[in-house]
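Visitor: Here it is, the structure in full.
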Amino acid sequence: MRNLLILLAAALTVYAAVDCYQAPRYRHVGVPRWLWLILVIVLPVMGPIIWLVISKTAKKPGPVAPDDDPEFLRFLDERARRATTEPPISDAGNETPSTSDDSAQSPTDPPKDDPES
């Protein structure tokens, strides 16, 4: 039974040490990686438990400014791409109908010679 507890403590220490070494910087919660590794190894049971609890609750920092946010930058690129590729939207209510009828005469056209008269 005692050997099982020692093996369990050693396995927990190895797991926590590897997790600490591979963890991104934000999970170290203001403490350098080397100090976390020393705490995990020197405190056989408490060190790994403290590391696992604190590091798993650390939140990934969000973007500080809008130009640091990749989603916002993708939105701006897409909007700029749409603005350059799509034709401008015309106002449908202000369009004048085009006539292909030759007999229609606008008020600014000179009078046509009427062959029937």
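Visitor: In the stretch 1-41, what residues are more than 14 Å from Ala58 (Cβ to Cβ) and among the hydroxyl-bearing types (Ser, Thr, Tyr)?
Guide: Residues satisfying the conditions are Thr13, Tyr15, Tyr21.
Visitor: Report yes if Ala83 is modelled with pLDDT under 75 and of a type in the set (A, V, I, L, M, F, W, C), otherwise no.
Guide: no
Visitor: If a residue has to be more than 15 Å from Leu12 (Cα to Cα) and not small (Gly, Ala, Ser) to count, how many in the stretch 22-53 make the cut?
Guide: Within the stretch 22-53, residues that are more than 15 Å from Leu12 (Cα to Cα) and not small (Gly, Ala, Ser) number 12.
The values are calculated or read from the model by the stated rules, or taken from the named source; none is laboratory data. What you see is a predicted model, and the numbers here were worked out from it, not measured in a lab. A quick note on method: Cβ atoms are made from the backbone with ideal geometry, for glycine too, and the neighbour counts reach across all protein chains shown.
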